[in-house]
2 protein chains.
Amino acid sequence: MGTVAVVGGGVIGLSIAWRAACAGWTVTVHDPAPGSGASWVAGGMLAPLSEGWPGEEHVLELGAASLGRWPEFGDRLQRATGCDLFTSDGSLTVALDAADAADLRTVAEWVQAQGHEMRVLTRAEIRDLEPSLGPRIRLGLLAPTELAVDNRVLVDALHRACVDTGVRFVAATVDSLDELRADRVVLAAGSASARVWPGLPVRPVKGEILRLRARPGATPAPNRTIRGSVHGRPAYLVPRGDGLVVGATQYEADDTQVTVAGVRDLIADAEALLPAIGEYELYEATAGLRPMSPDNLPLIGRLSERVVAATGHGRNGVLFTPITADAVLAELADDPLPEAKNADPQRFSKEGL
Amino acid sequence: MGTVAVVGGGVIGLSIAWRAACAGWTVTVHDPAPGSGASWVAGGMLAPLSEGWPGEEHVLELGAASLGRWPEFGDRLQRATGCDLFTSDGSLTVALDAADAADLRTVAEWVQAQGHEMRVLTRAEIRDLEPSLGPRIRLGLLAPTELAVDNRVLVDALHRACVDTGVRFVAATVDSLDELRADRVVLAAGSASARVWPGLPVRPVKGEILRLRARPGATPAPNRTIRGSVHGRPAYLVPRGDGLVVGATQYEADDTQVTVAGVRDLIADAEALLPAIGEYELYEATAGLRPMSPDNLPLIGRLSERVVAATGHGRNGVLFTPITADAVLAELADDPLPEAKNADPQRFSKEGL
């Protein structure tokens with residue numbers, strides 16, 4: 001075992017650092033403000049099945065594999081830190097119009113054909129399961145195995161686990177990987193990754209998100225993650241102990257300013273799903289930059305003899321955390337993880353990585 | 001001259017403390033967090049004429065008298081502190097439908113009859129004056145003498161002026177006026193005033209407000225304060241150096257949680273007035289508690305030999321600041337200010353103050 005420098009202290013970088021330290025590596029995390037980027041803004045929804053779409057087999061496969069690793073990964077982190085990560089059992093995607101309903105049936109058939117559990121629910125079944133949802137809902141798709149985690153508890157827990165296992169933190173931006181003295185380098189800098197590895201096909205996609213708290217007397221929040229498409233915009237509500245996270249807008253932009261139009265649309269979409277949401281407290285509106293890849297699969301694997309990529313996780317960084325950590329640990333041990341082969345960044349090698 | 005204890009460190013309490021210290025009193029301000037209440041949340045609009053309504057002669061009279069004192073009060077504070085208070089020259093109230101237009105004409109005639117300057121503007125004149133306003137606007141009412149101030153600059157400037165003139169601050173809540181050792185006490189505790197003077201007819205009315213910043217490339221904000229009634233809800237946009245303040249909701253409530261419905265309504269109303277507002281950054285949403293009186297006039301004057309009230313300013317604390325300070329200083333000199341006589345709290349004396 002030698003030294004590893006992890007560039008980026010979001011959930012991806014922190015989980016790799018923690019696991020590498022547990023495996024005997026001497027680890028340093030380089031980040032001016034660990035945990036303050038997209039990981040902090042995120043919703044924490046783990047919904048690879050609900051987000052499935054015919055043709056995106058590799059995304060579903062990797063997402064389902066990482067979801068399958070979440071219970072063990074989460075348990076281990078909960079045992080190490082005493083924190084409580086999980087906030088939702090199952091997710092329910094709802095359709096507000098006939099076109100959405102047709103899409104849900106398409107997704108259901110395709111995901112079931114890939115061997116995963118999903119169930120189409122009628123309006124009456126939805127009302128029994130989640131009585132607070134809106135009257136415009138026509139059909140639902142239940143994914144009982146999908147989870148959600150509190151992304152901020154996750155950030156804090158990973159940070160604590162890192163400190164407890166001897167990971168060292170350097171609060172500075174890395175301008176060039178050459179300045180790092182470690183034997184191995186893990187590039188987990190999210191949307192900023194291409195800054196230190198020019199040509200890496202990872203671009204920032206801005207997303208805004210709201211955090212709501214149930215006020216005394218307000219209709220209780222749903223127990224499951226609720227997803228839906230409103231006016232063609234995908235919206236989701238992720239339960240928290242005291243309320244909900246509402247996400248997310250999506251723009252090709254690299255600033256993190258919350259816009260009036262973004263907040264307006266998120267509220268309108270959330271109200272269509274859960275009419276009582278007007279009574280909730282809006283205590284935070286934030287924006288983050290998702291590290292998007294061209295094909296919606298992350299970039300996990302060798303960039304060079306010394307450098308391993310763990311970036312490009314798009315909207316699914318929290319979902320992909322366990323399999324990314326496993327894959328990078330396997331890479332550091334020179335024994336690549338077969339399940340992660342479709343995420344190999346060399347698939348873009350003609351673009352001159 | 002003796003000692004004065006001012007209970008409450010909002011703009012009312014701070015301005016009284018500053019002026020009393022200048023006049024030779026030894027002054028202490030008691031507030032656990034000076035300047036953090038309604039004064040901090042406010043919009044800073046000084047619009048007594050635009051808010052005029054037949055029958056509310058006393059409110060208009062006091063408001064116009066205080067507006068008249070603002071230039072001198074503001075200049076003095078600006079000279080003392082070097083700060084820059086004023087953010088708007090004139091206010092423009094617009095009508096979106098026929099009923100609103102009729103109301104504007106009623107207000108214009110009545111206010112003009114009281115001797116104040118107001119001018120009815122056609123749609124074309126409004127477009128020339130403020131081209132960013134929405135196409136639904138039918139008629140406008142311009143009050144060229146009305147001003148707006150940056151309430152947070154005002155809070156900071158008053159605080160600095162107090163410190164510079166030797167005012168002492170005690171960061172604690174006052175539970176009983178009996179515990180104060182000063183010769184004279186000024187009760188300027190806003191919506192909490194009735195807690196220390198039971199029976200005082202001042203109640204909290206919650207208001208939510210948004211703070212927006214123009215983003216690069218966004219349509220510039222108007223130069224004047226823009227007021228309008230949207231779906232029967234009064235809305236206003238107050239210019240700031242870098243954007244706008246949007247206000248305000250109004251509820252009979254005593255919490256300061258920002259609600260989803262409040263933010264939704266404020267955005268919708270602001271968009272009806274200024275359609276480009278969706279492009280702006282929403283960087284803050286806050287709620288404050290206005291100290292409302294039963295008749296929309298503040299309570300300024302003697303409660304007892306020792307105690308002077310300066311509270312109940314409702315939505316107009318910033319507007320009423322100069323005349324309140326003058327009236328309380330006059331009261332401390334045992335020479336009451338005639339212009340403030342209608343604000344005498346003894347008008348409620350049958351209620352057992």
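The values are calculated or read from the model by the stated rules, or taken from the named source; none is laboratory data. Source: prediction; values computed, not measured. Cβ: placed from backbone, ideal geometry, glycine included. Neighbour counts: every protein chain shown. Keep in mind that these areas ignore ligands, DNA and RNA; they rest on the heavy atoms of the full protein, side chains included. Shrake-Rupley method; radii C 1.70, N 1.55, O 1.52, S 1.80 Å.
As a check on your grasp of the helix formula, calculate [θ] at 222 nm for the protein assembly as shown: sum -39500 (n - 2.57) over DSSP H runs of n ≥ 4, divide by the residue count, round to the nearest 500. Numbers along the way, then the final one.
Values: 18 runs with 220 residues, N = 706.
Helix contribution divided over all residues of the protein assembly as shown: -9500 deg cm²/dmol.
Which value, in Å² rounded to 10, gives the accessible area of A:PHE86 with a 1.4 Å probe and all protein chains present?
About 60 Å², ignoring ligands and nucleic acids.
Starting from a label point 7 Å past Cα on the Cβ side, list the distances from A:ASP183 to the same position in the other copies, nm, shortest first.
Here the equivalent label points are 8.1 nm apart from this one.
What FRET efficiency comes out for the pair A:ARG76/B:ALA268, r = Cβ-Cβ distance, R0 = 51 Å, nearest 0.05?
That gives a FRET efficiency of 0.60.
Averaged per residue, what accessible area in Å² does chain B show with a 1.4 Å probe, protein chains only? Present the calculation step by step, with values, prior to reporting the outcome.
Working: 13760 Å² over 353 residues.
Heavy-atom SASA per residue in chain B reads 39 Å².
Give me a single rounded figure for B:211-220: the average over its residues of other chain Cβ atoms within 10 Å of their Cβ.
Working: counts 0, 2, 2, 0, 4, 2, 0, 2, 0, 0.
What the average comes to for B:211-220 is 1.
Give, rounded to the nearest 20 debye, the magnitude of the charge dipole that the protein assembly as shown has about its Cα centre when Lys and Arg contribute +1 at Cβ and Asp and Glu contribute -1 at Cβ. Before the final figure, lay out the partial values.
Values: 66 positive and 90 negative charges, 48 e Å.
Using Cβ point charges on Lys, Arg, Asp and Glu, the protein assembly as shown gives about 220 debye.
Once the label point is placed 7 Å from Cα along Cβ, list for A:SER349 the distances to the corresponding points in the other copies, in nm, shortest first.
So the distances to the same position in the other copies read 9.5 nm.
How far is A:ASN223 from the same spot in each other copy, in nm, shortest first, if each label point sits 7 Å from Cα toward Cβ?
Once sorted, the set of distances for A:ASN223 reads 6.1 nm.
With a 1.4 Å probe and all protein chains kept in place, how do A:HIS313, A:HIS116, A:HIS231 rank by accessible area, largest first? Provide the component values of the computation, followed by the final result.
On the way: A:HIS313 10, A:HIS116 55, A:HIS231 145 Å².
Per-residue accessible area, sorted high to low, gives A:HIS231, A:HIS116, A:HIS313.
For the charge dipole of chain B, defined by +1 on Lys and Arg C-beta atoms and -1 on Asp and Glu C-beta atoms about the Cα centroid, which residue among B:MET292, B:GLY44, B:GLY115 has the Cα displaced farthest towards the positive pole?
Positive-most Cα among the choices belongs to B:GLY44.
Tally up the carbon and sulfur contribution to the accessible surface of the range B:3-348 as a whole percent, 1.4 Å probe, everything protein left in place. Kindly include the intermediate steps, with their values, before the conclusion.
Working: 6570 of 13150 Å².
After summing per-atom areas, the C and S share lands at 50 percent.
Rounded, prolate or oblate: pick one for the range A:40-154, where a ≥ b ≥ c are the square roots of the eigenvalues of its C-alpha gyration tensor, a/c under 1.5 means rounded, and failing that, prolate if a/b is larger than b/c, else oblate. Show your work: numbers first, answer last.
On the way: a/c = 2.39, a/b = 1.47, b/c = 1.62.
It is oblate, given that a/c is not under 1.5 and a/b is not larger than b/c.
Which whole-number percent gives the relative contact order of the range B:3-348, counting Cα pairs below 8 Å spaced six or more residues apart?
On the way: 786 pairs, mean separation 85.8, N = 346.
Dividing the mean separation by the residue count of the range B:3-348 yields 25 percent.
Mind giving me the nanometre distance, one decimal, between the label points for B:ALA99 and B:ARG127, set 7 Å out from Cα along Cα→Cβ?
It works out to 2.7 nm between the two label points.
Going by average Cβ density within 10 Å per residue, which order do the peptides B:236-244, A:23-31, A:2-10 take, highest to lowest? All intermediate terms of the calculation are to be shown ahead of the outcome.
Working: B:236-244: 22.3, A:23-31: 20.3, A:2-10: 25.3.
So the peptides B:236-244, A:23-31, A:2-10, ranked by packing, come out A:2-10, B:236-244, A:23-31.
Please report the antiparallel percentage of the DSSP beta bridges confined to chain B, to the nearest 5.
On the way: 45 of 64 bridges.
Around 70 percent antiparallel, to the nearest 5.
Find the centroid of the Cα atoms in the range A:143-179 and in the range A:49-112, then give the distance between the two in whole Å.
Each part's Cα centre sits 22 Å from the other's.
With the crude spin-label approximation of a point 7 Å out along Cα→Cβ, what separation in nm comes out for B:ARG138 versus A:ALA253?
3.5
Placing +1 at every Lys and Arg Cβ and -1 at every Asp and Glu Cβ, with all other atoms neutral, what dipole size does the range A:3-348 have around its Cα centre, in debye to the nearest 20? Provide the component values of the computation, followed by the final result.
Working: 32 positive and 44 negative charges, 77 e Å.
Using Cβ point charges on Lys, Arg, Asp and Glu, the range A:3-348 gives about 380 debye.
Which of the three applies to the protein assembly as shown, rounded, prolate or oblate, going by the alpha-carbon gyration tensor with a ≥ b ≥ c and a/c under 1.5 meaning rounded?
Numbers: a/c = 2.36, a/b = 1.88, b/c = 1.25.
The shape class here is prolate.
I'd like the interface area for chains B and A: accessible area of each alone minus the complex, both sides summed, 1.4 Å probe, protein heavy atoms only. What is it in Å² to the nearest 100?
Working: alone 14570 and 14530 Å², together 27470 Å².
The buried area between B and A, both sides summed, comes to about 1600 Å².
Helix by helix through chain A, keep the DSSP H runs that span 15 Å or more along the axis on Cα and average at least 0.5 on Kyte-Doolittle, and give those back in order. Mind dumping the intermediate values first?
Numbers: long enough: A:11-22 (16 Å, 1.53); A:57-81 (35 Å, -0.47); A:98-113 (23 Å, 0.18); A:151-164 (19 Å, 0.26); A:260-273 (20 Å, 0.88); A:317-332 (21 Å, 1.38).
Span-like helices here: A:11-22, A:260-273, A:317-332.
Could you sort the peptides B:126-135, B:92-101, A:172-181 by per-residue average Cβ neighbour count (10 Å cutoff), highest mean leading? Please list the in-between numbers first.
Numbers: B:126-135: 15.6, B:92-101: 19.5, A:172-181: 13.1.
Going by the mean number of other Cβ atoms within 10 Å, highest first, we get B:92-101, B:126-135, A:172-181.
Counting Lys and Arg as +1 and Asp and Glu as -1, what is the net charge of the other residues whose Cβ lies under 12 Å from the Cβ of A:THR311? Mind showing how you got there, number by number?
Details: positive: A:ARG195, A:ARG203, A:ARG290; negative: none.
With Lys, Arg at +1 and Asp, Glu at -1, the net is +3.
Report the one residue of B:LEU67, B:PRO54, B:GLY9 whose Cα lies farthest in the direction of the positive end of the charge dipole of the range B:1-80 (charges on C-beta: Lys and Arg +1, Asp and Glu -1; origin at the Cα centre).
Farthest towards the positive end: B:GLY9.
Determine the shape class of chain A: with a ≥ b ≥ c the square roots of the Cα gyration tensor eigenvalues, call it rounded for a/c under 1.5, and otherwise prolate if a/b is greater than b/c, oblate otherwise.
On the way: a/c = 1.81, a/b = 1.62, b/c = 1.12.
Taking the square roots of the gyration eigenvalues as a ≥ b ≥ c, chain A is prolate.
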